[in-house]
Amino acid sequence: MNLHAINAIYRFEMARARRTLTQSIISPVISTSLYFVVFGAAIGSRIPHVDGVSYGSFIVPGLIMLALLTQSIANASFGIYFPRFTGTIYEVLSAPVSYLEIVIAYVGAAATKSIILGLIILATAALFVPLTIQHPLWMLMFLVLTAVTFSLLGFIIGIWADGFEKLQLVPMLIVTPLTFLGGSFYSISMLPPFWQTVTLFNPVVYLVSGFRWSFYGIADVSPALSLGMTFFFLVACIVIVGWIFRTGYRLKP
Amino acid sequence: MTTMISISNLSKTYDSGFQALKTVNLDIRRGEIFALLGPNGAGKTTLISIVCGLVNASTGTVTVGGHDIVTDYRAARELIGLVPQELTTEAFETVFSAVSFSRGLFGKPANPAHIEKVLRSLSLWDKRNSRIMTLSGGMKRRLLIAKALSHEPGILFLDEPTAGVDVELRRDMWALVSELRRQGVTVILTTHYIEEAEEMADRIGVITRGEIILVEDKATLMHKLGRKQLTVQLQEAIGAIPETLSGYGLERTEDGHALVFTYDAERAQHGVAELLRDLATAGIAFKDVNTTQSSLEDIFVDLVKEER
């Protein structure tokens, strides 16, 4: 293991986050706070409790998931795409570094950033609405697994993208809609039966449901299924990353 | 002398079908300065990129310090520092952190004293806290060299090191290469500036259209292929070259005031003495003679032209 290299890349990426503090921490916190003001305080007071939880509290896990998914992808995809764009990737590729080490460093840094962000949003939420966390360890488990999985997805997007536009494409056109439609702001039991079935094909449902269960003990699907699906996505991303490095896809001609 | 880099039967065909390297065989000796000379698109960068792990070879093997670049890539790459042709640098990092980053990447523990030494030797120390985007092109070039030297490599690749740099930096670069040679670092540089190869290299390889057509000690190469020219300044202009001198293949200058004799200085009987004697016999008086030797540039142009 080239630990010095992992350390170097990890710190490089974390330094980048510190430089862009406004973009990476402050702006997601502000936008999440806006959701609380609008949905929690303004509209939420007119919405009855969902499964015995006030609406403002109900949406907290979903909002954290929304930030976690989009920021994990944004961080990781930009982290690997930018060196490809400027050409500085040559240094990483010519260094005595294994692919595993490259992934650990880049994905580790991206996941760290989004976990920190998730915890900041959680703390912000606690200022607005009453929160209970029934299963704190499971909460952390879902948080970390989701951050890692979607940072891996971001890494894949960052390698696949050949322009800044494509970098935005997947988060904007796929991940954000899936998150909104994945029960972040509602329980899928509120939907007509047909749409409930359709929603079960949305992977984000399992992430949000499991995460919400760790807070309030209420869930749309069983926590075990949520955990299983999270692992399934994790393994799928690992398989794709493995393929990328084996073939040198978009990295080595 | 031991071999530092051994390249055997290496070829590369890109996915587009372009064959950048045909079968290349080359040994680089430990501690030498090797210049890879060739026109644009000859395959110089592809060859370097394969050795450094940036491009996958189609066929063939490369060992660096005895380590295969594929099966034992860690040991091979630890030995190598690469200065790329393009000015590819980060933008927002400081000079010092960028060079420290490179050192870590190559698996070496932090060593601020060494980084300071490298930065000072490249006149970058004053800029250590500057953001890279504020540096001039020449400074960025120095930075790339500093990054390549950050992990104390035994081999340094300089891909077109002086393309677009000013005279001062070029001088500095040459001084640096001499210093590295003194420390025993093997240096491989690619260039299409012949002057550079002539100034710095111990050995020269000429590559064109994906093939290495010649590898020779610089002195031997210039010796072997160097033509000499003897110019005879005449006291009075002549209209035509006399019959008796036709065997020498002389050329008369435009105004008829001089005769030019091209000969191979390596041959025992190159004919200079005979020519001068025959000139006297023919009654042609001369006031001055001088000789010129072809530069590496002429040799190179000849070689590449022949190939076409």
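The values are calculated or read from the model by the stated rules, or taken from the named source; none is laboratory data. Nothing here was measured: the structure is a model prediction, and the numbers come from that model. A quick note on method: Cβ atoms are made from the backbone with ideal geometry, for glycine too, and the neighbour counts reach across all protein chains shown. For the accessible areas, the whole protein counts, side chains as well, though only heavy atoms, and no ligand, DNA or RNA atoms are used. Shrake-Rupley method; radii C 1.70, N 1.55, O 1.52, S 1.80 Å.
Extension gain for B:Asp72 to B:Gln19 (0.36 nm times residue separation, less C-alpha to C-alpha distance): 16.5 nm.
Since only A:Gly56, A:Val144, A:Ala105 are under comparison, the one whose Cα sits farthest along the positive direction of the charge dipole of region A:3-247, derived from C-beta charges on Lys, Arg, Asp and Glu, is A:Ala105. Annotation: for a label point projected 7 angstrom from Cα along Cα→Cβ of B:Asp217, residues of region B:185-204 with backbone N closer than 15 Å are B:201-204. Excluding same-chain neighbours fewer than eight residues apart, the aspartates and glutamates reachable from B:Lys287 by a Cα-Cα span under 14 Å are B:Glu236. Chain B against chain A buries an accessible area of about 2500 Å², both chains summed, 1.4 Å probe radius. Looking at the protein assembly as shown, send over the antiparallel percent of its DSSP beta bridges, to the nearest 5. If we restrict to bridges inside the protein assembly as shown, about 65 percent are antiparallel. Once the partner protein chains are put back, region B:104-138 shows a loss of at least 30 square angstrom of accessible area, versus the chain by itself, at B:Gly104, B:Leu105, B:Phe106, B:Gly107 (probe 1.4 Å, ligands and nucleic acids excluded). Each Lys and Arg adds +1 at its Cβ and each Asp and Glu adds -1 at its Cβ; summed about the Cα centre, the protein assembly as shown shows a dipole of about 2300 debye.
Taking every residue in B:67-77 and counting other chain Cβ atoms within 10 Å of its Cβ, the average works out to 2.
Computed from backbone phi with θ = phi - 60° and the Karplus coefficients 6.51, -1.76 and 1.60, the 3J(HN,Hα) list for region A:145-155 is 4, 5, 4, 5, 4, 7, 5, 4, 4, x, 4 Hz; x is used for glycine and proline. Compactness of region B:3-223 is given as radius of gyration and Dmax, 17.0, 50 Å, from Cα positions. For region B:3-223, the per residue solvent-accessible surface stands at 40 Å², with DNA, RNA and ligands left out and a 1.4 Å probe.
Quick check: at a probe of 1.4 Å, how many percent of the accessible area of region B:1-115 sits on carbon and sulfur atoms? Using a 1.4 Å probe with all protein chains present, region B:1-115 comes out at 53 percent carbon and sulfur. Peptide A:82-90 is shielded by partner chain Cβ atoms: per residue, an average of 4 of them sit within 10 Å of its Cβ.
Taken one residue at a time, the phi angles of region A:14-22 give Karplus couplings (6.51, -1.76, 1.60, θ = phi - 60°) of 5, 5, 4, 5, 5, 5, 10, 4, 4 Hz. Gly and Pro are set to x. Sorting the segments A:129-137, B:29-37 by their mean number of nearby beta carbons within 10 angstrom, highest to lowest, gives B:29-37, A:129-137. Note on region B:1-58: the C-alpha convex hull projects to 4.3 nm² when averaged across all orientations.
Taking the Cα atoms of chain A, the ratio Rg/Rh between the radius of gyration and the Kirkwood radius comes to 0.99.
Amide H contacts for A:Ser98 (H built 1.01 Å from N in the peptide plane; partners 5 or more residues away or on another chain; cut-off under 5 Å): A:Asn2.
Cβ-Cβ distance of A:Arg18 and B:Ser123, R₀ of 22 Å, FRET efficiency by 1/(1 + (r/R0)^6): the value works out to about 0.15. 3J(HN,Hα) along region B:251-257, derived from phi through the Karplus expression 6.51 cos²θ - 1.76 cosθ + 1.60 where θ = phi - 60°, amounts to 10, 9, 5, 3, 7, x, 8 Hz, with x in place of Gly and Pro.
Adding -39500 (n - 2.57) for every DSSP H run of four residues or longer, then dividing by how many residues chain B holds, sets the calculated 222 nm ellipticity at -10000 deg cm²/dmol.
Length gained on full extension, B:Glu86 to B:Thr134: 15.6 nm, using 0.36 nm per residue less the C-alpha separation.
The residue among B:Ala240, B:Leu276, B:Ile204 whose Cα reaches farthest toward the positive pole of the charge dipole of the protein assembly as shown, with charges on the beta-carbon of Lys, Arg, Asp and Glu, is B:Ile204. In terms of distances greater than 18 angstrom between alpha carbons, the cross-link table entries B:Lys12/B:Lys218; A:Lys252/B:Lys12; A:Lys252/B:Lys140; B:Lys108/B:Lys147; A:Lys113/B:Lys108 yield B:Lys12/B:Lys218; A:Lys252/B:Lys140; A:Lys113/B:Lys108.
Think of each Lys and Arg Cβ as +1 and each Asp and Glu Cβ as -1; about the Cα centre, that makes the dipole of chain A roughly 380 debye.
Report note on the peptides A:235-245, B:244-254: ranked by the mean count of other C-beta atoms within 10 Å, highest first, their order is A:235-245, B:244-254. Averaged over the residues of peptide A:2-8, the number of Cβ atoms from other protein chains lying within 10 Å of each residue's Cβ is 6. Residues of region A:144-164 with the amide nitrogen closer than 16 Å to a label point 7 Å from the Cα of A:Leu173, along Cα-to-Cβ, please. It comes to A:157-158, A:160-164, nothing else.
Please list, by residue number, every one of the GluC sites (Glu not before Pro) in region B:78-108 that is coil in DSSP and has at most 15 other beta-carbon atoms within 10 Å. Hits after loop and neighbour filter: B:Glu86. Residues whose amide H lies under 5 Å from that of B:Val24, counting only those 5 or more places away or on a different chain, are B:Asn9, B:Leu10, B:Ser11; hydrogens are built 1.01 Å from N in the peptide plane.
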